[in-house]
Amino acid sequence: MSLQTILLGIDPGLQRTGWGVIACEGARISWVAHGVIAPATKLPLTERLGALASGIKDVLDFYNPTEAAVEEVFMAKNAQSALLLGHARGATLSVLAQHHVAVTEYATRHIKKALVGTGGAEKEQVAFMVRRLLPQSGAVSADAADALAAAICHAAERRSPSNHLMAAKG
């Protein structure tokens with residue numbers, strides 16, 4: 001009998017950070033929970049980052065995942081947006097490290113390809129596949145769907161024999 005692993009997916013953002021928790025047992029995945037952390041936009045940057053970190057900590061404390069899949073930075077529209085996203089990712093990664101959660105980062109295109117079959121998939125297609133693979137999740141916002149998609153992608157990647165071979169060679 002295989003052991004159950006709890007995986008956390010995170011789609012980081014300063015305005016809205018999506019999170020999704022799934023359970024894995026062998027090749028079987030099941031939905032546990034999902035949500036969005038949305039700090040008040042009128043707060044100073046440091047307080048927004050603190051609220052984001054606190055929200056991630058609450059998720060970690062409640063669900064106790066052992067692994068996390070975090071969406072990598074994409075090309076932002078401008079340097080200021082990229083910097084703010086970097087702050088949100090830094091706060092998120094710091095909390096994960098403090099809780100000794102193993103982190104794997106995935107490019108957005110990789111996650112989309114794993115779920116939909118093409119790296120250029122639209123958000124609606126990703127959300128559709130999340131609902132299809134995790135029907136018990138119900139209605140899922142775009143941010144939470146992206147986070148669940150990261151977790152599903154990680155569940156598939158960690159089962160892949162080629163990944164085990166790569167890890168053994170490295």
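What about ALA51, is it out of contact with any strand residue (DSSP E or B) (no Cβ under 6 Å at 6 or more places or on another chain), loosely packed, with under 14 Cβ neighbours inside 10 Å and modelled with pLDDT of 95 or more? It is false that ALA51 is out of contact with any strand residue (DSSP E or B) (no Cβ under 6 Å at 6 or more places or on another chain), loosely packed, with under 14 Cβ neighbours inside 10 Å and modelled with pLDDT of 95 or more.
Here's the yes/no breakdown for (1) hydrophobic (A, V, I, L, M, F, W, C); (2) touching a strand residue (DSSP E or B) at 6+ places or on another chain (Cβ under 6 Å):
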residue: ASN64; (1), (2): no, no
residue: VAL70; (1), (2): yes, yes
residue: LEU83; (1), (2): yes, no
residue: ALA97; (1), (2): yes, no
residue: ILE111; (1), (2): yes, no
residue: VAL116; (1), (2): yes, no
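Residues in the stretch 112-141 that are buried (at least 17 other Cβ atoms within 10 Å of the Cβ) and under 19 Å from ILE6 (Cβ atoms): 5 in all.
Taken over the stretch 68-111, the criterion of being basic (Lys, Arg) and surrounded by 13 or more Cβ atoms within 10 Å (Cβ to Cβ) is satisfied by ARG89, ARG109.
With respect to the conditions (1) surrounded by 20 or more Cβ atoms within 10 Å (Cβ to Cβ); (2) out of contact with any helix residue (DSSP H, G or I) (no Cβ under 8 Å at 6 or more places or on another chain), ALA145 falls short on a single one, namely (2). Pairs linking a residue in the stretch 142-160 that is farther than 18 Å from PRO65 by Cα and modelled with pLDDT under 95 to a residue that is buried (at least 24 other Cβ atoms within 10 Å of the Cβ) and not β-branched (Val, Ile, Thr), with Cβ atoms under 6 Å and 6 or more positions apart or on different chains, are ASP143/ASP11; ASP143/GLY18. Here ILE56 clears all of (1) under 16 Å from LEU14 (Cα atoms); (2) under 16 Å from the mean Cα position of the chain (by Cα); (3) not in a helix (DSSP H, G or I) except the condition numbered (3).
None of LEU43, LEU7, LEU14 is in a loop (DSSP other than H, G, I, E, B) and surrounded by 21 or more Cβ atoms within 10 Å (Cβ to Cβ) except LEU14.
The values are calculated or read from the model by the stated rules, or taken from the named source; none is laboratory data. Owing to the predicted nature of the structure, the values given are computational and were not obtained by experimental measurement. When we count neighbours, we look across all protein chains shown, and the Cβ atoms used for this are built from the backbone with ideal geometry, even at glycine.
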